[in-house]
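What follows is a single structure, written as structure tokens, with notes after it.
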Amino acid sequence: MINGHKLWPTNSGGVADLFGVVCTTKAGSTDLDDFAFIFVPAKTRGCTQSGPYQKAGMAADKNGDIWFENVRVPVWYRAHGPGEDFKYFKEMVSWGNMLSVAFCTGAMLNAYELLSDFCTRTSFRGKPLKENDDIAGVLADVARDIEVTRIVGYQAARMLDRPDLYGDSWSDEIVTKCRAYKYFACDKAIEVLENAMNIMGPHGSDRVEDIEKHWRDVKIIQLWLGGKQLGQMEVARWYYDCKTL
Ligand SMILES: Cc1cc2nc3c(=O)[nH]c(=O)nc-3n(C[C@H](O)[C@H](O)[C@H](O)COP(=O)(O)OP(=O)(O)OC[C@H]3O[C@@H](n4cnc5c(N)ncnc54)[C@H](O)[C@@H]3O)c2cc1C
């Protein structure tokens, strides 16, 4: 029987027909065999959900509350079974983080195009903005950050594609590295978009220009999958063997 209240899952807010529910088969247990991933059709008796929240960005991804009250599903709705559920959940975390790097890179690439166009067609003292030393320096940093973030994304994809070289995608090492790459990409994407807005001034905040949309979207990417601080804690735990975090 599933009981509880989940907030924020992606594609909830009334749009999902099927939930992937992370829960435990034994309340209070720390045994990973009791970690369960169970599929629950949204119309199952005892399952209710709110409408979508009005969050800052990523508007096409709906989030809301889901309440489970004495919800029962057939036992074979559990994804894999004891031990395996946790393993494959961790694999999802690796993939989610890798894909988040791709989201951030896409937003940054569009920012680059918009910024490049703006700095070419806008003049200051008779010269295109991009011919101004200060502006050119910021534009260079934007291009550099996109290049580096793309490499990070390709590395994440390669690690997940070649477990024979890097180890299983559910291993603590790969999960941690993907978390590190994701919060690095989010930091860079937010920085790039803020720089674009600083240069474009009010035009950057104009809904017509799309910069502000990417800025809101990448902030949401930073908050999902546990957010930046969980990413930092997981990285500290794995790299420094922290005992109390
Ligand atoms: C757009 C979006 C989509 C999402 N999609 C999903 C989804 O599909 N599935 C899903 O399960 N969840 C989803 N979430 C939920 C998200 O993963 C959680 O919001 C996130 O893990 C943070 O958990 P919390 O909200 O309970 O915050 P908390 O864990 O309560 O954190 C609140 C604050 O306390 C800090 N904190 C927490 N623990 C510690 C600690 N040990 N030490 C120091 N500080 C700590 C945090 O850093 C943070 O600042 C989504 C969230 C968003 C924003």
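The values are calculated or read from the model by the stated rules, or taken from the named source; none is laboratory data. Just so we're clear, the structure is a prediction, and the values are computed from it rather than from any experiment. Positions of Cβ are generated from backbone atoms using ideal geometry, with glycine treated the same way; all protein chains shown enter the neighbour counts.
The number of residues in the stretch 1-10 being near the ligand (Cβ under 7 Å from one of its atoms) and not basic (Lys, Arg) comes to 4.
Considering every residue within the stretch 23-32, establish whether at least one is within 14 Å of the ligand (Cβ to nearest atom) and at pLDDT 95 or above. Yes; the residues of the stretch 23-32 include at least one that is within 14 Å of the ligand (Cβ to nearest atom) and at pLDDT 95 or above.
Across the stretch 206-245, the qualifying residues are those that are hydroxyl-bearing (Ser, Thr, Tyr) and within 15 Å of the ligand (Cβ to nearest atom), and the one among them that is modelled with the highest pLDDT is TYR240. Considering the stretch 136-172, the residues that are of a type in the set (Gly, Ala, Ser) and under 30 Å from PHE118 (Cβ atoms) include one that is nearest to the chain's Cα centre (by Cα), namely GLY153.
Here's the yes/no breakdown for (1) in the same structural domain as VAL152 (by TED's automatic domain parsing); (2) not aromatic (Phe, Trp, Tyr):
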site: THR30; (1), (2): no, yes
site: PHE37; (1), (2): no, no
site: ASP61; (1), (2): no, yes
site: ILE66; (1), (2): no, yes
site: GLY106; (1), (2): yes, yes
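Kindly evaluate ARG207 against the criterion of being of a type in the set (Lys, Arg), surrounded by 12 or more Cβ atoms within 10 Å (Cβ to Cβ) and closer than 20 Å to ALA56 by Cα. Judged against the criteria, ARG207 is not a match. Annotation for the stretch 59-74: at least one member residue is within 23 Å of the chain's Cα centre (by Cα), among the acidic types (Asp, Glu) and not in a loop (DSSP other than H, G, I, E, B).
Got at least one residue in the stretch 14-33 being touching a residue at least 24 places away in the same chain (Cβ under 8 Å), farther than 28 Å from GLU84 by Cβ and not basic (Lys, Arg)? Yes. Does THR120 meet the test of being part of a helix (DSSP H, G or I) and more than 28 Å from the chain's Cα centre (by Cα)? Criteria met by THR120. Scanning the stretch 56-78 for residues that are in contact with a strand residue (DSSP E or B) (Cβ under 6 Å, 6 or more places away or on another chain) and among the β-branched types (Val, Ile, Thr), we see that the one that is nearest to the ligand (Cβ to nearest atom) is ILE66. Whether any residue in the stretch 204-212 is closer than 15 Å to PHE103 by Cα, assigned to a helix (DSSP H, G or I) and touching a residue at least 60 places away in the same chain (Cβ under 8 Å) is what I want to check. Looking through the stretch 204-212, at least one residue is closer than 15 Å to PHE103 by Cα, assigned to a helix (DSSP H, G or I) and touching a residue at least 60 places away in the same chain (Cβ under 8 Å).
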